[in-house]
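Enquirer: Got a structure for you, questions after.
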Amino acid sequence: MAGFSENFQVLETAESERYVVAKRNIASGEQILMEEAYVTGPYYDADISCLNCFKESCCTCSKCSKAPLCYDCSSHNADECDFYRESSLDKNFLYNHFNVITPVRCLLLYGTNRERYDEVMRMESHLEERRGTEIWDIHEKYVVKPLLDSGAFDNFHNLEVTGELIQRICGILDVNTFEIRGNEDSPGMTMSNLARGLFPKTALMTHSCVPNTLLSIDGYANARVYTSVPVKMGEVLHNSYTRNLLGTYDRQTQLIEGRHFTCSCKRCTDPTELGTHLSSIRCTSCTDGLCSFHTDNPRWECNNCHHLLKREYVNEVMCAARSEILACPPEIRDLEKVISKHSKTLNPQHSLVLEAKQNLAGELRSVCMSLEPPHVPKQILKRKIELCEEILGVVRVLEPGISRMVGIALYEHHVALVELSRRNFDTTEFKSHELLDNLLKAENDLKQAVSMLLFEHVSTPEGQLAKRAMRELKDLREDIAEVRAMIEDEHLEKQDQGHNRKSNTASNGCRTKKFGKRR
């Protein structure tokens, strides 16, 4: 870990909750923290997986005879292996109680790295808020009771391991861990998508639904934090713990259930969600209005005619839309139907409609990838471009500056734009100057995408996409140079009508073949 003391100052609220502020003015895109995970492990209720790399398990450690491993891994952490080997645990204990893995790793720090253990135990657990809740009872049944009944920690370095301590550790993990996302095709990849990591310093950053940092966690369980926008000295550093295209109600529910706090950021306190209207629904009294929920004097009020909607009506419309969209088959025709229907009852940018649009974009991408470029229907490409533009319009507001989601959407937009432009040129619907204009737009998309995705480590899917985007940017610039040369030839031909056009026809064929390879 590097950069913490230079960039951050840790402060406390009156309720003894810690947070961090910038110690200096920080430009957008600066790496302000790198931290290795203190503990890594599977998510709660994950399938049994290798304790070393978290891929699917198919064998057991030959040394301790208890830990699940995979064909590629012959061992796991030495201290952990020794603990299991010396314990009286049944050989099937970890297979029958896989949920104990990550809490056990936190407890093992007490014997292997007391400083790290103490830092982990200073992290927020929301123990009292969780007491007696559903998640408390789940951990009691599947983590606390199995560990205490096993006796594995009865004489563990003079540490009294109680149910209260285990519940506290479970709370720390639930509140503070981050997903570790690795790409299995990357050389040296050590983590998969099923893993989570505990990063004590990264976790000090408070939540905001409009974050000012970008968190990138690689497949080696290292967290890198960058500023996504310029940050002034004394400004609080924020990360986002929710999916940013969720509406306010869903985000707040997710934060209360998982993190045990209510967000009061500028987006959550704005009924229109910064003008995106992700939670607003159509007014029944006028044609142009959208009704948003106001927390002061609670009401659903139209922004145009100030008509008030009854809560019963809102709940009915929302429940119907949620049920239909969640149950919608992943078929293009079915998705288009629910999008059309609920764009009218809710609004085209409502979070539920955007979820359906994201699903549709994924299906269109699958169609594009399954066919050779000349055989992809033009309407598929046009629709993909429309969806990317609609999603980008919202995400740019919610994630200003450097954004992973914006980078991915820009990449997908450029792919469809290049292919559709090539096809329109081949069928003479586009003239050469129109082709050039669109290729330049695609180049701008791709440059922006690369500038955002370069913050992602090569061991992640987004890091792999960044490498691909850089290769395609080089090819696209060669295409642009070729089209410019063609336009220059056309100008010369106009000056000399008798000029032989065979060379231009040949170059047209080369260009079509080259563009046809683009995906």
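Enquirer: Take the residues in the stretch 448-461 that are in contact (Cβ under 8 Å) with a residue 60 or more places away in the chain and open to solvent by less than 20 Å² (accessible area, probe 1.4 Å), then tell me which one is farthest from Leu417 (Cα to Cα). Spell out the reasoning first.
Expert: Going through the stretch 448-461, the residues in contact (Cβ under 8 Å) with a residue 60 or more places away in the chain turn out to be 455-461.
Applying the additional criterion that residues be open to solvent by less than 20 Å² (accessible area, probe 1.4 Å) yields 456, 459-460.
On the way: Glu456: 24, Ser459: 28, Thr460: 26 Å.
Among those residues, the one meeting the criterion is Ser459.
Enquirer: Right, here's the next one. Across the stretch 29-53, what is the number of residues that are assigned to a loop (DSSP other than H, G, I, E, B), under 20 Å from Asn176 (Cα atoms) and either hydrophobic (A, V, I, L, M, F, W, C) or in contact with a Ser or Thr (Cβ under 9 Å, 6 or more places away or on another chain) (or both)?
Expert: Initial filter on the stretch 29-53 (assigned to a loop (DSSP other than H, G, I, E, B)): 29-30, 37-38, 43-48, 50-53.
Then keep just the ones that are under 20 Å from Asn176 (Cα atoms); that gives 37-38, 43-46.
If we keep only those that are either hydrophobic (A, V, I, L, M, F, W, C) or in contact with a Ser or Thr (Cβ under 9 Å, 6 or more places away or on another chain) (or both) as well, we get 37, 43-44, 46.
Residues in the stretch 29-53 being assigned to a loop (DSSP other than H, G, I, E, B), under 20 Å from Asn176 (Cα atoms) and either hydrophobic (A, V, I, L, M, F, W, C) or in contact with a Ser or Thr (Cβ under 9 Å, 6 or more places away or on another chain) (or both): 4 in total.
Enquirer: Right, next: State whether one or more residues within the stretch 294-307 are hydrophobic (A, V, I, L, M, F, W, C), touching a helix residue (DSSP H, G or I) at 6+ places or on another chain (Cβ under 9 Å) and closer than 22 Å to Leu352 by Cα. So that I can check it myself, show each step before the final result.
Expert: Let us first name the residues in the stretch 294-307 that are hydrophobic (A, V, I, L, M, F, W, C), namely 300, 302, 305.
After this cut, where a residue has to be touching a helix residue (DSSP H, G or I) at 6+ places or on another chain (Cβ under 9 Å) as well, the list is 300.
Within this subset, residues satisfying the condition of being closer than 22 Å to Leu352 by Cα are 300.
Yes, some residue in the stretch 294-307 is hydrophobic (A, V, I, L, M, F, W, C), touching a helix residue (DSSP H, G or I) at 6+ places or on another chain (Cβ under 9 Å) and closer than 22 Å to Leu352 by Cα.
Enquirer: Further question on the same structure: Which of the helices (runs of 4 or more DSSP H) found entirely inside the stretch 78-136 contain at least 3 residues meeting this: under 30 Å from the mean Cα position of the chain (by Cα)? Give the steps one after another, and end with the answer.
Expert: Working: elements: 78-86, 93-96, 101-112, 114-121, 127-130.
Result: 101-112, 114-121, 127-130.
Enquirer: Please give the number of the condition Lys337 fails out of (1) at pLDDT 95 or above; (2) closer than 12 Å to Ile281 by Cα.
Expert: So the condition that Lys337 fails would be (2).
Enquirer: Something else now. Looking only at residues that are touching a residue at least 40 places away in the same chain (Cβ under 8 Å) and closer than 16 Å to Ala409 by Cβ in the stretch 467-476, which one is most open to solvent (accessible area, probe 1.4 Å)? Steps first, please.
Expert: Residues of the stretch 467-476 touching a residue at least 40 places away in the same chain (Cβ under 8 Å): 469, 472, 475-476.
From the residues that got through so far, the ones that are closer than 16 Å to Ala409 by Cβ too are 469, 472.
Details: Ala469: 0, Glu472: 21 Å².
Checking each candidate, the answer is Glu472.
Enquirer: Report whether or not Ala223 is more than 16 Å from the chain's Cα centre (by Cα) and not in a loop (DSSP other than H, G, I, E, B). So that I can check it myself, show each step before the final result.
Expert: Numbers: more than 16 Å from the chain's Cα centre (by Cα): no; not in a loop (DSSP other than H, G, I, E, B): yes.
For Ala223, the condition - more than 16 Å from the chain's Cα centre (by Cα) and not in a loop (DSSP other than H, G, I, E, B) - is not met.
Enquirer: With respect to Leu439, determine if the residue is touching a His at 6+ places or on another chain (Cβ under 9 Å) and surrounded by 15 or more Cβ atoms within 10 Å (Cβ to Cβ).
Expert: On the way: touching a His at 6+ places or on another chain (Cβ under 9 Å): no; surrounded by 15 or more Cβ atoms within 10 Å (Cβ to Cβ): yes.
No, not satisfied.
Enquirer: Which members of the stretch 351-371 meet the condition of being open to solvent by 70 Å² or more (accessible area, probe 1.4 Å) and of a type in the set (Lys, Arg)?
Expert: Arg365 - this is the single residue of the stretch 351-371 that is open to solvent by 70 Å² or more (accessible area, probe 1.4 Å) and of a type in the set (Lys, Arg).
Enquirer: Considering only the stretch 242-291, how many residues are farther than 17 Å from Ser343 by Cβ, more than 20 Å from the chain's Cα centre (by Cα) and not hydrophobic (A, V, I, L, M, F, W, C)?
Expert: The total comes to 10.
Enquirer: Which members of the stretch 372-388 meet the condition of being open to solvent by less than 60 Å² (accessible area, probe 1.4 Å) and over 11 Å from Leu420 (Cβ atoms)? Break it down into steps so the answer makes sense when it comes.
Expert: Residues of the stretch 372-388 open to solvent by less than 60 Å² (accessible area, probe 1.4 Å): 373, 376-378, 380-381, 383-385, 387-388.
Selection gives Leu387, Cys388.
Enquirer: Now a separate question. Has the stretch 183-190 got at least one residue that is open to solvent by 20 Å² or more (accessible area, probe 1.4 Å) and either in a helix (DSSP H, G or I) or at pLDDT 95 or above (or both)?
Expert: no
Enquirer: Turning to a different aspect of this structure: Ala361 is checked against (1) in contact with a helix residue (DSSP H, G or I) (Cβ under 8 Å, 6 or more places away or on another chain); (2) touching a residue at least 40 places away in the same chain (Cβ under 8 Å); (3) farther than 28 Å from Leu274 by Cβ and fails just one. What number does that condition carry?
Expert: (3)
Enquirer: Within the stretch 434-469, can you find the residues that are of a type outside the set (A, V, I, L, M), part of a helix (DSSP H, G or I) and out of contact with any helix residue (DSSP H, G or I) (no Cβ under 6 Å at 6 or more places or on another chain)?
Expert: From the stretch 434-469, those of a type outside the set (A, V, I, L, M) are 434, 437-438, 441, 443-445, 447-448, 451, 455-457, 459-464, 467-468; that's our starting set.
So of that shortlist, the ones also part of a helix (DSSP H, G or I) come out as 434, 437-438, 441, 443-445, 447-448, 451, 461-464, 467-468.
Glu434, Asp437, Lys441, Asn444, Lys447, Ser451, Pro461, Gly463, Gln464, Lys467, Arg468 - these are the residues of the stretch 434-469 that are of a type outside the set (A, V, I, L, M), part of a helix (DSSP H, G or I) and out of contact with any helix residue (DSSP H, G or I) (no Cβ under 6 Å at 6 or more places or on another chain).
Enquirer: Now, a different point. Checking the condition open to solvent by 80 Å² or more (accessible area, probe 1.4 Å) and either within 27 Å of Pro211 (Cα to Cα) or assigned to a loop (DSSP other than H, G, I, E, B) (or both), which residue from Asn304, Asn315, Asn347 passes?
Expert: On the way: Asn315 fails: either within 27 Å of Pro211 (Cα to Cα) or assigned to a loop (DSSP other than H, G, I, E, B) (or both); Asn347 fails: open to solvent by 80 Å² or more (accessible area, probe 1.4 Å).
Sole residue among the options that is open to solvent by 80 Å² or more (accessible area, probe 1.4 Å) and either within 27 Å of Pro211 (Cα to Cα) or assigned to a loop (DSSP other than H, G, I, E, B) (or both): Asn304.
Enquirer: Hey, Lys310 hits all of (1) touching a strand residue (DSSP E or B) at 6+ places or on another chain (Cβ under 9 Å); (2) surrounded by fewer than 12 Cβ atoms within 10 Å (Cβ to Cβ); (3) in contact (Cβ under 8 Å) with a residue 12 or more places away in the chain but one; which does it fall short on?
Expert: That leaves (3) as the condition not met.
Enquirer: Moving on. Output the qualifying pairs, or none if there are none: Cβ atoms under 9 angstrom, residues six or more apart or on different chains, first residue in the stretch 61-88 and at negative phi, second residue among the charged types (D, E, K, R) and open to solvent by less than 10 Å² (accessible area, probe 1.4 Å).
Expert: These pairs meet every condition: Cys64/Glu80; Ala67/Glu80.
Enquirer: Out of Thr60, Thr112, which single residue is open to solvent by 40 Å² or more (accessible area, probe 1.4 Å), touching a Leu at 6+ places or on another chain (Cβ under 9 Å), of a type in the set (S, T, N, Q) and at pLDDT 95 or above? Steps first, answer last, please.
Expert: Values: Thr112 fails: touching a Leu at 6+ places or on another chain (Cβ under 9 Å).
Every option except Thr60 fails the conditions.
Enquirer: Another one. Give me a count of the residues in the stretch 247-264 that are open to solvent by 20 Å² or more (accessible area, probe 1.4 Å) and either modelled with pLDDT of 90 or more or not in a loop (DSSP other than H, G, I, E, B) (or both). Full working, then the answer.
Expert: The initial filter retains those residues of the stretch 247-264 that are open to solvent by 20 Å² or more (accessible area, probe 1.4 Å), namely 248-250, 252-254, 256-262, 264.
After this cut, where a residue has to be either modelled with pLDDT of 90 or more or not in a loop (DSSP other than H, G, I, E, B) (or both) as well, the list is 248-250, 252-254, 256-259, 264.
Within the stretch 247-264, residues that are open to solvent by 20 Å² or more (accessible area, probe 1.4 Å) and either modelled with pLDDT of 90 or more or not in a loop (DSSP other than H, G, I, E, B) (or both) number 11.
Enquirer: Then there's this: Please go through the stretch 63-77 and pick out each residue that is open to solvent by less than 30 Å² (accessible area, probe 1.4 Å), over 19 Å from Leu107 (Cα atoms), in a loop (DSSP other than H, G, I, E, B) and touching a Ser or Thr at 6+ places or on another chain (Cβ under 8 Å).
Expert: Once the filter is applied, which keeps residues that are open to solvent by less than 30 Å² (accessible area, probe 1.4 Å), over 19 Å from Leu107 (Cα atoms), in a loop (DSSP other than H, G, I, E, B) and touching a Ser or Thr at 6+ places or on another chain (Cβ under 8 Å), the stretch 63-77 yields only Cys70.
The values are calculated or read from the model by the stated rules, or taken from the named source; none is laboratory data. The model shown is predicted, which means the values in this text are computed figures rather than measured ones. Glycine gets a Cβ as well: all are built from the backbone with ideal geometry, and neighbour counts include every protein chain shown. Only protein heavy atoms, including side chains, enter the accessible area calculation; ligands, DNA and RNA are left aside. Shrake-Rupley method; radii C 1.70, N 1.55, O 1.52, S 1.80 Å.
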